[in-house]
1. Stokes-Einstein D for the chain at 10 °C, 1.306 mPa s, Kirkwood Rh over Cα pairs, in µm²/s?
2. When only Cα pairs under 8 Å and 6 or more residues apart are kept, what is the percent relative contact order across the chain?
3. So, by mean Cβ neighbours within 10 angstrom, what's the order for 16-26, 71-81 with the highest one leading?
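Each reported figure results from applying straightforward, stated rules to the coordinates on display, with no laboratory input. Note that this is a predicted model, so its numbers are computed, not measured. Ideal geometry is used to build each Cβ from the backbone, glycine not excepted, and the neighbour counts take in all protein chains shown.
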């Protein structure tokens, strides 16, 4: 994640899903929040949300919901990303 920066489009779909499973874990544990949020932002901006398998998308939404509870800019970004993920999965 650190070597390439937020470039999920460079990953195959299966590796992308495993990567975002890991990002969901990081978010739920409160580790590397800023870096993880930037990766989720790149996923949403790249319109790659429909490529996620359902359990990965669900884990990301749950993790973002946890971060969204904090009263900060990170929490606000997490809430907006959670909403974008939900909308992207509904399409």
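1. Translational D for this selection: 125 µm²/s.
2. Details: 91 pairs, mean separation 28.4, N = 91.
About 31 percent, as a whole number.
3. Values: 16-26: 18.2, 71-81: 15.4.
Packing order, densest peptide first, comes out as 16-26, 71-81.
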